[in-house]
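First the structure, in the form of structure tokens, and then the observations on it.
The values are calculated or read from the model by the stated rules, or taken from the named source; none is laboratory data. Given the structure is predicted, the values throughout are model-derived calculations rather than measurements. All Cβ positions, glycine included, derive from the backbone under ideal geometry; neighbour counts span all protein chains shown.
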Amino acid sequence: MEERVNKGKNKIGLISATCVVVASMIGTGVFTGLGFQAAGVKSVSALLLLWLISGVVTIFGALTYAELATHMPRSGGEYHYLSKVYHPVIGFMSGWISLTVGFAAPIAVSAMAFGFYVSKVYQMDKEVLATVLIVMLTILNLFGLKTGSRFHNFATIFNVALIVIFIFVGYFFVESHHFQVSFIKQDFSAVMDPAFAVSLIYASFAYSGWNSAAYIAGEVAEPTRNLPKALFFGTLIVLVLYVSLNFVFLYNVPVEELAGKVEIGFIAGMKVFGLAGGKMIALLISFGLVASVNALIITGPRVSQTMGEDYPALQKISINNGFKSPWVAILLQSFLALVLIYTSTFESVITYIGFTINLFTTLTVAGVFIFRLRMKNKTGEKREYKTWGYPLVPIIFIVQQCWMLFYLGKEKSEASLAGLITVAIGILLYFIVRRKNYQKEVINTL
């Protein structure tokens, strides 16, 4: 397939946009989430169902996002959509969350996982490894989106190939003596247990990034044509890989041995390939995490850049360098990620990310109903793409997210409270910025 790229405008095409989606999703979550889930959910069938449900619902979210993205093809993602659909204060809060939680925190978590896996092979400090990775990829992306995306495409292909090989070898060349999939009364009880709903947050974190192409919508060639395809196919590819990979993890390692463990890929790798092979898998997974961090560094600053364009008080954030990269936004995001590495724990950051991000993705998907009502009263407006399965598809997404957020807030109250406090800070910051904007406007009129 030939990738259509407008070189004069530094645009990326369908292949790169799809790779952004895939690489933004594949990373820390799929190589760590099962251990946290197995601590609360003991049924193999229920664990696999977690990944399937979360994947299907994620596709529903992608189908809905595509309608907003194609009609409002400007970089910024939820920040842009929520500002237009609801009110600028809602959009600003989303942008603030994207800057602090949506991208900086996952970058930190992915870099921490990178350091953890590499340290399994080499006796090196995990925090130093994470820091070096972030600094190197930050420098790479200061030289333009296309420079970063070229490396990103190669790393994504490598990452997908690694998972496919692991799935193939882990199932066809290894005989399991413990694995059994059923759906009896105990399995049904596990699905209805609050632990199942809470465990969805780890799968949701693993799937996070599915909306990443929307964040760089303004830099995608032919967005009306390419964005829906990139969001749908990228998410579908990852769903198949995730369910299959977790199947192989559970096929090779008993649930009891996975419960509470972080190094899922390394544990399963030793079962399949032995100790030496397990170490090699750890190194290969580490390289895959490089692609995930790189994708986040690509997409995140575009939100900060869009906010800087909309609010004069934040104008410095939107400054581009000679390679058309928002260098201030890139450096700010990486700085916040480095701060989190040295101040937070792995699991606490994941639950904090999950609650806060899913709150705003739910608001965004719900916004399609408001968008439709407004468009209904406009004549002559041509919409190239409409959400498939509307209104059932966005409704299912919203119901599942609310169910998960309810139990997460109940069972993980500290992380949920931290998320709400972050949102409150965003509201306060919005009014401070708006006041400064007003003062600048008054000065300019004098």
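Some observations on this one:
To keep it simple, each residue is scored yes or no on (1) farther than 26 Å from Glu78 by Cβ; (2) surrounded by fewer than 24 Cβ atoms within 10 Å (Cβ to Cβ).
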site	(1), (2)
Pro223	no, no
Lys229	no, yes
Leu241	no, yes
Phe249	yes, no
Pro254	yes, yes
Glu257	yes, yes
Lys271	yes, yes
Gly274	yes, yes
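- Verdict on Tyr385 being buried (at least 17 other Cβ atoms within 10 Å of the Cβ) and modelled with pLDDT under 85: yes
- Condition check for Trp403: under 28 Å from the mean Cα position of the chain (by Cα), assigned to a helix (DSSP H, G or I), farther than 21 Å from Ile90 by Cβ and at pLDDT 75 or above: yes
- Pair list, Cβ under 6 Å, 6 or more apart: the range 65-78 residue within 18 Å of Arg374 (Cα to Cα) and polar (S, T, N, Q), other residue modelled with pLDDT of 70 or more and surrounded by 24 or more Cβ atoms within 10 Å (Cβ to Cβ): Thr70/Leu227
- Checklist (1) within 22 Å of the chain's Cα centre (by Cα); (2) part of a helix (DSSP H, G or I) applied to Val262, failing item: (2)
- Lone unmet requirement of (1) of a type outside the set (Val, Ile, Thr); (2) buried (at least 20 other Cβ atoms within 10 Å of the Cβ); (3) farther than 21 Å from Ile353 by Cα for Ala206: (3)
- Test: residue in the range 186-199 that is under 22 Å from Ser292 (Cβ atoms), crowded, with 24+ Cβ neighbours inside 10 Å and either touching a Gly at 6+ places or on another chain (Cβ under 9 Å) or at pLDDT 90 or above (or both): yes
- Count - residues of the range 314-372 that are within 30 Å of Glu263 (Cα to Cα), part of a helix (DSSP H, G or I) and β-branched (Val, Ile, Thr): 11
- Residue pairs meeting the criteria (Cβ under 7 Å; at least 6 apart or on separate chains; first crowded, with 24+ Cβ neighbours inside 10 Å, in the range 97-125; second among the acidic types (Asp, Glu)): Ser98/Glu78
- Among the residues making up the range 302-326, those that are in contact (Cβ under 8 Å) with a residue 12 or more places away in the chain, closer than 13 Å to Arg434 by Cα and either more than 25 Å from the chain's Cα centre (by Cα) or surrounded by fewer than 24 Cβ atoms within 10 Å (Cβ to Cβ) (or both) are Gly308, Asp310, Tyr311, Pro312, Ala313, Leu314.
- When residues of the range 54-76 are limited to those that are assigned to a helix (DSSP H, G or I) and among the aliphatic types (A, V, I, L, M), the one surrounded by the most Cβ atoms within 10 Å (Cβ to Cβ): Ala62
- Test: residue in the range 77-86 that is surrounded by fewer than 24 Cβ atoms within 10 Å (Cβ to Cβ), at pLDDT 90 or above and in a loop (DSSP other than H, G, I, E, B): yes
- A Cβ distance below 7 Å, combined with a sequence gap of six or more or placement on separate chains, defines the contacts here; from the range 392-414, residues that are in contact (Cβ under 8 Å) with a residue 24 or more places away in the chain and over 15 Å from Ser54 (Cβ atoms) reach residues that are surrounded by 16 or more Cβ atoms within 10 Å (Cβ to Cβ) and among the small types (Gly, Ala, Ser) in the pairs Gly409/Ser416.
- Number of the exception - Leu417 against (1) modelled with pLDDT of 85 or more; (2) surrounded by 15 or more Cβ atoms within 10 Å (Cβ to Cβ): (2)
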